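Structure, as structure tokens:
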There are 4 protein chains.
Amino acid sequence: MTLTATRWPVAVLGATGAVGQAFIRLLDAHPWFDLVEVAASERSAGKSYRSAAKWLEGTLPESVAALTVKNCTPDEVTAPIIFSALDSGVAGDVEAAFARAGRMVLSNAKNYRMDADVPLVIPEVNGDHLELLTVQRANRGWSGGIVTNANCATTVMAAALAPLHQAFTVTKVFATTMQAVSGAGYPGVASLDILGNVIPFIGDEEPKIETELVKLLGTYRQGAITMADIVTSAHANRVPVEHGHTVCMSVAFATKPTPEQALEVLRGWTGYEAVRGLPSAPEPSLIIRDEPDRPQPRRDAGRGRGMATTVGRVRADHLFDLRLVAMSHNVVRGAAGGSILNAELLAKTGQLAGLARQ
Amino acid sequence: MTLTATRWPVAVLGATGAVGQAFIRLLDAHPWFDLVEVAASERSAGKSYRSAAKWLEGTLPESVAALTVKNCTPDEVTAPIIFSALDSGVAGDVEAAFARAGRMVLSNAKNYRMDADVPLVIPEVNGDHLELLTVQRANRGWSGGIVTNANCATTVMAAALAPLHQAFTVTKVFATTMQAVSGAGYPGVASLDILGNVIPFIGDEEPKIETELVKLLGTYRQGAITMADIVTSAHANRVPVEHGHTVCMSVAFATKPTPEQALEVLRGWTGYEAVRGLPSAPEPSLIIRDEPDRPQPRRDAGRGRGMATTVGRVRADHLFDLRLVAMSHNVVRGAAGGSILNAELLAKTGQLAGLARQ
Amino acid sequence: MTLTATRWPVAVLGATGAVGQAFIRLLDAHPWFDLVEVAASERSAGKSYRSAAKWLEGTLPESVAALTVKNCTPDEVTAPIIFSALDSGVAGDVEAAFARAGRMVLSNAKNYRMDADVPLVIPEVNGDHLELLTVQRANRGWSGGIVTNANCATTVMAAALAPLHQAFTVTKVFATTMQAVSGAGYPGVASLDILGNVIPFIGDEEPKIETELVKLLGTYRQGAITMADIVTSAHANRVPVEHGHTVCMSVAFATKPTPEQALEVLRGWTGYEAVRGLPSAPEPSLIIRDEPDRPQPRRDAGRGRGMATTVGRVRADHLFDLRLVAMSHNVVRGAAGGSILNAELLAKTGQLAGLARQ
Amino acid sequence: MTLTATRWPVAVLGATGAVGQAFIRLLDAHPWFDLVEVAASERSAGKSYRSAAKWLEGTLPESVAALTVKNCTPDEVTAPIIFSALDSGVAGDVEAAFARAGRMVLSNAKNYRMDADVPLVIPEVNGDHLELLTVQRANRGWSGGIVTNANCATTVMAAALAPLHQAFTVTKVFATTMQAVSGAGYPGVASLDILGNVIPFIGDEEPKIETELVKLLGTYRQGAITMADIVTSAHANRVPVEHGHTVCMSVAFATKPTPEQALEVLRGWTGYEAVRGLPSAPEPSLIIRDEPDRPQPRRDAGRGRGMATTVGRVRADHLFDLRLVAMSHNVVRGAAGGSILNAELLAKTGQLAGLARQ
């Protein structure tokens, strides 16, 4: 069938895991997208979703519970829009196969994020990077495409820094993260490792933060991204929090703002214009708190239905220019919700036109 | 009586609080010190210790349980060595009164830490700073004295940085702390604030870190401390951990070491020579871990009976020279145990001579 | 003014505490009640609500933030409907003063719960007990009245047992509670007491459970409650959970049901008819789970916007007849939300008629 | 070699898991036992212990770190005394093979616990049950043997009830457990399942409690155990606690004691005489607390180096006779330490005589 009007059938790959479940929760009753297919590993394929997944949070929609889990191939999964929660170990080949088969893949995996012709997008921050899709299709001969969202800790940072970068040009960032256990999926972090504890290491997280940030804050021009000229030093930690990654940052700028100037910019920021009013777009996208002890993950991760980023403690720094704390929901804003907002932006800007259900 | 030989009577001020209780635990069966008096606020004075304090951890020694809580005055409390766990709100006057009355006060409060003639000491790091006591007595006309130990988060940092500073000269430090709830005393942090949460703020903590570090790593010469020329940017956080403050640091040096050179220095470090062999001195004082995910507070805070500092993740930094993580027990190493080690060093170096029990 | 139509002005006493804040959250945009006044202790009176309270959860409505906190007297607080989150230490006199002044007081305190002429009500369970108000007014000469809701742990039990009691007549109950920290208010339980711990004691909780249950499950007839003939043995524990009290029960009945019969009754239960469709009434009121590991407080406390009770593990018992586990949100269902539902039932059944704003 | 004198070589099967690691910690510097071999699954066999296991707690002894992990067969593992931390899935065949090969197996698995000729022993409670070994050897033609310790939650209960059973004859027990995550091994319980949560279910735990207790409190006479005539109703829960299982009990007796009589018995109890003075025997074995809020797992699990059971809240019950709370360390008292104490008792009573290293 050819798609018309304003509703698209969508599928979720990796649907049984923690991020896959978040996709299902967020797509329930979505005004534009109908979740029609779920797919996962061979172990789950052929079972009903209800029996294949241990449902972790909230209520499993009945319509999804009854779906039969498919294999992650474009032959079995026919929807034109593919939300991928696949692990990077398998995402590379699978996501490419779907893009080649004419589908639009919204990916949470790291595999393609840094490819020159793959958009790495937080809609409010760099929604214009989606134009890379044209280059990607030309380069790869794909009728579909792959759009990625960033690592969940990097997403917190980019959302908070984008307004400041646009106004004052960020040059250096020290970042220490305190990340929730849900970032490691399910079963993920063993309780014996994290109860009453801090683990000062998350495998491969610091390099992701250091590389993805410069692309997210980079500039799209004539078919290519010019990376932002920012050097980042990251310290990644796991803490006993369910949802919400908190990041303490010290930031240097080309044009040094006072804390008051920075706050004015943060408060006035509205982000990439086309995003406003999208079904999953939080309003506001950035919440600035005055209290000295905010943001806090347990109290603020749910703001804007999990899509808002909360920023606080904007103050002077002794070594660089500003210190601040930012936090957002790692599973919603930093994963499934971010992908859905990317898809909504593609839909609104006409970039889903021509996709067909197989 | 005049003190002779190797045992000293000691008292604890603020004995009912969390740090006071740690003093009592650590002084139980101490080879040099006999805890003979406990004192606290008026609310507790006159009661038996058993009935005045809600004992939090381990076993309350019977000999202490039976003591009557005294008021915090040098008239009532007669021991020549005074361990003070008083809050800064009252410590100023009380500690001075004891010093004036000829007692040696080992203080955990911030009041006198930055005074030019008051030693701020972590024995392995800057045990020689105790020589300031001579200046202090001359300046103030005291027959006793006040020796302070540092804020508990600063203690972690100074213990880890001291070897590197001696070898390579630290110039800049970014530090993000993840601090245990016991650092806030009892009842301290409300469980509704910290369960599954991070609080990105601890009142007055960042300034303490930024100022105390330069004194701890400073140099004693001819009656004065030359402050270390280090600029620090601190981000203090509370996390749901019982004991153990973890600090992520990025460090710049005058002489840039490789991670390997830094590790060699850290591994070879033994600290101020006179400290070795003291009853409370851990051996080693610094534990260097190779695993990528250490130190961890729940698993490492107890090392060296709570007195060792564990360091890990020594690696290159993109902005400064090195990144590393350090952690120690905030109540033992960072408070009561640090005071006791200070007193042991005073005892060993003859600086308790002449003190008399009233 | 005389009240007409379907909107009532309401006030919250004890508005700055944890339960008071829950009232404010739940009354925000309430279809029938307008929160027009907040009152608290002398310490807060005269301040703006924003400055008087440390807001704990969600977003403080702007309209409430701007209110000036009043003293808890019927002279200052004029609304006809009074939600009281006062501590039992002060609730006795204050609530009586308001009832005497013609107001309808919905109380969370224990003071009047067991008085023979005071309704102790969970609407679905024993909404007909509200008829006691007529007796109360006659007895006491009040133009207003006091309606209480039960202790939060008892509320869980009564909600789960009511259908079984109506069908099979409960005679004995063993109950072990695992209660959330929010049940102790704010600051309430110290984090040093509860992180990674269980406290097998909650002051005065077991007697409340043992006495209140027999009134809740009792029978209203001709102006009096006949207590249910149930003996309860309670074991109350505090666990490191934010919200949601979990109760394990073994139950004996006059007419012994099989687990299947019990499940059929539980699943078919709809409760006191007049409650259905009220703005705060959950639908369903009881959620029965088949999975062996439910209910769980973190995952189920929010069901029915915090007003539903979740029951699971209904199975045979070796000593009595049935074992089961029940759980509900202690601050919503077990406190503020319960009071609001009581008020809604009073409104619907015409029992607020005649109340006037002063 | 034939064993002489007072030192025995011992091995640990399942050495890489959480209980296996506890064996290694507790056997370090043991006065009677030398840990000479570690064995685990094929996946680990052939590796050094250091590389095969992720060490969870405390310090891995260097002497063990260097051992090569063996396969769990009596050909490879030659020690005469075998501490088994094997899962029940494999323990059945493996433990029998070792017993047949002449080794004394101290087992933590459930497989043989309820066999009529297999001792299920908590030394202080029923050390005399070890005499079943004679029957076992005769029945099975084994030169070695199997001695089991009980499920960790049952161990708490039996240790607390034994004195009361001996004095007053327990007939009925309601028990609700709140069990630590370490009871599920490593990685065990996912942090997403238990942070800020209670899971009211532990697979297979309630039947173990209900059956093992009657054997532990049974009577050995002429080659057989007469089961205690006790009916138990168990409710098992997982709580976010690291170590220490807490059990709330209501208990009925043939001879009804007052709480005071019960306390007198509990305080005066010393247990099976031969146990006293054994290297791992705590003194006292039972700790009775007067405070209303004890025992608490985080504060009391380590008492008696993890081997003591703490009992509190002994009070009257409305349905049965007494209520009380008991708690002990599930990994030490309830698993590895219990096995070691069993072995020590066998050694002291001459029941290891004749065992030879292969």
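No lab work stands behind these numbers, since they all come straight from the coordinates. Since this is a predicted model, take the numbers as computed values, not measurements. Quick reminder, even Gly has a Cβ in these numbers, built from the backbone with ideal geometry, and neighbours come from all protein chains shown.
Could you pull the copy-to-copy label distances for C:Lys256, with points set 7 Å along Cα to Cβ, in nm to one decimal and sorted shortest first?
Reported distances to equivalent positions: 2.3, 8.2, 8.3 nm.
If I stretch the segment between A:Thr226 and A:Asp93 completely, what's the gain in nm (0.36 nm per residue apart, minus their alpha carbon distance), one decimal? Provide the component values of the computation, followed by the final result.
On the way: separation 133, 0.36 × 133 = 47.88 nm, distance 2.70 nm.
Contour length minus Cα-Cα distance gives 45.2 nm.
Hey, what did chain C get for relative contact order, percent, Cα under 8 Å, at least 6 apart? Before the final figure, lay out each step's value.
Values: 858 pairs, mean separation 67.7, N = 358.
Relative contact order comes out at 19 percent.
Less than 10 Å Cβ to Cβ from C:Gly312, Lys/Arg counted +1 and Asp/Glu -1: what total charge do the surrounding residues give?
Combined, the nearby Lys, Arg, Asp and Glu give 0.
Provide the net charge surrounding B:Pro187, with neighbours chosen by a C-beta distance below 12 Å and charges set as Lys +1, Arg +1, Asp -1, Glu -1.
-1
Taking the Cα centroid of region C:307-358 and of region B:115-135, what is the distance between the two, rounded to the nearest whole Å?
63 Å
Sorted from largest to smallest, which semi-axis lengths in Å does the alpha carbon gyration tensor of the protein assembly as shown give for its equivalent ellipsoid, taking the root of 5 times each eigenvalue?
On the way: eigenvalues 418, 387, 298 Å².
Three semi-axes, in Å: 46, 44, 39.
Could you work out Rg/(2.2 N^0.38 Å) for chain C, with Rg from alpha carbons only?
0.95
Over region C:1-84, one equal point on each Cα, no solvent: what is log10 I(q)/I(0) by the Debye formula at q = 0.23 Å⁻¹?
-1.09
Choose one answer from C:Ser182, C:Ser339, C:Ser84: the residue with the largest mean-square fluctuation in a GNM of chain C with alpha-carbon springs under 10 Å.
Comparing C:Ser182, C:Ser339, C:Ser84 in a Gaussian network model of chain C, the most mobile one is C:Ser182.
What's the exposure ranking of C:Ser143, C:Ser280, going from fewest to most Cβ atoms within 10 Å?
Values: C:Ser143 15, C:Ser280 28.
Ordered by Cβ neighbours within 10 Å, fewest first: C:Ser143, C:Ser280.
From the helices alone, meaning DSSP H stretches of at least four residues, give me the mean residue ellipticity at 222 nm for chain C, per-run term -39500 (n - 2.57), in deg cm²/dmol to the nearest 500. Before the final figure, lay out the partial values.
Values: 12 runs with 103 residues, N = 358.
Mean residue ellipticity, 222 nm, calculated: -8000 deg cm²/dmol.
Suppose we take every Cα in region C:200-258 and form the convex hull; what volume per residue is that in Å³?
Numbers: hull volume 7.8 nm³, N = 59.
That works out to 132 Å³ per residue.
In nm, to one decimal, how far is the modelled label at B:Thr68 from the one at C:Glu42, with both set 7 Å along Cα→Cβ?
3.5 nm
Cross-link candidates for A:Lys256: which lysines have Cα within less than 23 Å, leaving aside residues fewer than 8 places away along the same chain?
Leaving aside lysines fewer than 8 places away in the same chain, those within reach of A:Lys256 are A:Lys172, A:Lys215, B:Lys172.
Tell me, B:Met307, C:Met227 in order of fewest to most beta-carbon neighbours within 10 Å? Before the final figure, lay out each step's value.
Values: B:Met307 23, C:Met227 15.
Result, fewest neighbours first: C:Met227, B:Met307.
Given the rotation that superposes chain A on chain D, what residue of A brings its beta carbon nearest the axis, and what is the distance in Å?
Residue nearest the A-to-D axis, with distance in whole Å: A:Ser191, 2.
Regarding region D:152-328, what is the average projected area of its C-alpha convex hull, in nm²?
Numbers: hull surface 43.5 nm².
Convex hull of Cα atoms, orientation-averaged projection: 10.9 nm².
Taking a cut-off of 30 Å between Cα atoms, list the lysines near B:Lys70, but don't count ones fewer than 8 places away on the same chain.
Cross-link targets: B:Lys47, B:Lys54, B:Lys110, B:Lys348.
Over region A:181-271, calculate the relative contact order: mean separation of alpha carbon pairs under 8 Å at least 6 apart, over the residue count, as a percent. Show your work: numbers first, answer last.
Details: 69 pairs, mean separation 29.7, N = 91.
It rounds to 33 percent for region A:181-271.
Using the 7 Å Cα-to-Cβ label point, sort the distances from A:Val90 to its equivalents in the other copies shortest first and give them in nm to one decimal.
2.7, 6.0, 6.4
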